[in-house]
Amino acid sequence: MRTSEVFNHVATVKLASRSDRGRRAFAFLFKTAIVFSILLLVTAVAPAQTRDHLTDAETDLVRYYQELDKRIDIFIKAADRRFAVINGTAQPSTKKAVKDEPDWGDAPKGTRVELLGDIAGILDEAITNIDDVSRRDEKSPLLSRSLRKLTAASSRYLTQLEVLKTQTKNDDELAAIERVADNASQIMEAGKKLPAPSADEEKKKKKPKEQSAKGKEQRVKTA
């Protein structure tokens, strides 16, 4: 092989070697960019996926009560707690109904969007609980009682949501308000189909009032 041919061959090998290194470097940078992008995406999405609409203490209360109407009471109070935080009003009473009832824990925390998202999730879970009982026993007396409670609460929530709409122009907040309103409206529509309250339900409504009146009479006599 001539000297000139040797130099040409060496130069070609060097150029090819540099070209290979360049391709490998580009491939490495490309893969690194993809991995970095995926990490950023996971970091951005993770907070939304990990937030539960109930606190751990509230979840324990839901598990504690197996009766549908009692569970609905827990869902309603959980939603009320979040509305209280949003509106800056006093928290509802968390006095135990029975001695061994789990504690309610601290008041829920979060942004308006997060708290409204919680409420939407709470209403959705309440609807699911009613649907589950309905599929198992459509004649259960707990169904109408529970739905009446949830309907009354939803009526209050829709009123509060109308006020909240006038207080913000934030797109995320408005979207969260609409989500809650959709769930509350579905509950209201279902509540309209309920038959008139039974005699037993009416007695249960009047009983606490009668007991309260008797208690007042007894206190007056004692005094």
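A few notes on this one:
- Lone qualifier among V133, V85 - being modelled with pLDDT of 95 or more, among the hydrophobic types (A, V, I, L, M, F, W, C) and within 22 Å of A176 (Cβ to Cβ): V85
- Selection status of A44, modelled with pLDDT under 95 and touching a Gly at 6+ places or on another chain (Cβ under 9 Å): no
- Taking the criterion of being of a type outside the set (A, V, I, L, M, F, W, C) and touching a Gly at 6+ places or on another chain (Cβ under 7 Å), the only residue of the range 149-180 that qualifies is T151.
- Residue in the range 185-193 that is touching a helix residue (DSSP H, G or I) at 6+ places or on another chain (Cβ under 6 Å) and not hydrophobic (A, V, I, L, M, F, W, C) present: yes
- Within the range 66-86, the set of residues being touching a Leu at 6+ places or on another chain (Cβ under 8 Å) and surrounded by fewer than 14 Cβ atoms within 10 Å (Cβ to Cβ) comprises just one member, E67.
- Yes/no for T94 being over 18 Å from the mean Cα position of the chain (by Cα) and assigned by TED's automatic domain parsing to the domain that holds E178: yes
- The set of residues in the range 92-112 that are surrounded by fewer than 18 Cβ atoms within 10 Å (Cβ to Cβ) and over 20 Å from K70 (Cβ atoms) comprises D106, A107, K109, G110, T111.
- Residue in the range 113-163 that is farthest from the chain's Cα centre (by Cα), counting only those that are surrounded by fewer than 16 Cβ atoms within 10 Å (Cβ to Cβ) and among the basic types (K, R): K139
Yes or no, residue by residue, for (1) at pLDDT below 95; (2) farther than 27 Å from D56 by Cα:
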position	(1), (2)
V113	no, no
L116	no, no
T166	no, yes
D171	no, yes
M188	no, yes
T222	yes, yes
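- Filter result for G105 (closer than 16 Å to D172 by Cα, in the same structural domain as G88 (by TED's automatic domain parsing) and not hydrophobic (A, V, I, L, M, F, W, C)): no
The values are calculated or read from the model by the stated rules, or taken from the named source; none is laboratory data. These numbers were taken from a predicted model, which means no experiment stands behind them. Glycine also receives a Cβ, built like all others from the backbone with ideal geometry; neighbour counts cover every protein chain displayed.
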